[in-house]
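What follows is a short report on a single structure.
The values are calculated or read from the model by the stated rules, or taken from the named source; none is laboratory data. Note that the structure is a prediction, hence the values are computed from the model and not measured. Neighbour counts run over all protein chains shown; Cβ positions are idealised from the backbone, glycine included.
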Amino acid sequence: MKAIIIGATSGIGRELAIQMTAKGYELGITGRRAELLETLNAELGGKSHLKVMDITSFEEARQQLFDLIAAMGGVDIVVINSGVGDMSLRWDIEQNIINTNATGFAAMANAAFYYFSKNGGGQIVGISSVAAERAGGLSPSYHATKVFASRYMDGLRLHAKRKKLPITITDIRPGFVKTPMTDRNDPKQMVWMASVEKATAQILTAIESKQRLAYITRRWAIAAWIMRNMPEWLYARFA
């Protein structure tokens, strides 16, 4: 099997590259920092296909994805893991979150969908978040962009069904996972924190079983249900 991981240089993306390589996948890995890609490639045995990519350079990144697919002789799975978060309401930071998590995500998912629709099908995996369940006061743009990513994947799934295309869309919604991004947050707010190794193992299981939606770790399905159904006056005390 051949897979591309967009956003492979840290956190879940990096660990997913490690675990997929261990299972025999041929990988393409992307990220903004060439040195981190080279370091990861060396750790993986030096056989991955590398592409330096910034998904906020939308058109360039789409072409780079197509070029990487061509260099690999085609792919079966595209994982879109690139994402950023911050609790500041500064517009330059919020704009970068929107450009990365929403527009950049859609640019990559759209390109992958186009490729699979022309080449016999495949699987698109998007790393969204439990934050997609409802708005959040600590980081409004992060929650909003994760809602966008999940709804965009729903739309692609429905479009594939309408067109009878053999394309699987897998929406991954992690809770708190110990990564460089969550390391910046208040540990007291990080309930049910999972190691990146455990979380990624469950993500890989969801990918291989072609699940439509997976909460990571699985207990977050309960929290998601509570978030969706909690009355606004009560939810506002925690959001």
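Things to note:
- Subset of segment 164-185 that is under 18 Å from Gly11 (Cα atoms) and either more than 17 Å from the chain's Cα centre (by Cα) or hydrophobic (A, V, I, L, M, F, W, C) (or both) - its residue that is modelled with the highest pLDDT: Ile172
- Of the residues Val191, Val125, the single one that is modelled with pLDDT of 90 or more and of a type in the set (Val, Ile, Thr) is Val125.
- Near pairs, Cβ below 7 angstrom, 6+ apart or cross-chain, from segment 176-204 (over 28 Å from Ile124 (Cβ atoms)) to any residue that is at pLDDT 75 or above and not aliphatic (A, V, I, L, M): Met190/Phe176; Val191/Phe176
- Scanning segment 41-62 turns up no residue that is within 26 Å of Ser209 (Cβ to Cβ), of a type in the set (A, V, I, L, M) and buried (at least 20 other Cβ atoms within 10 Å of the Cβ).
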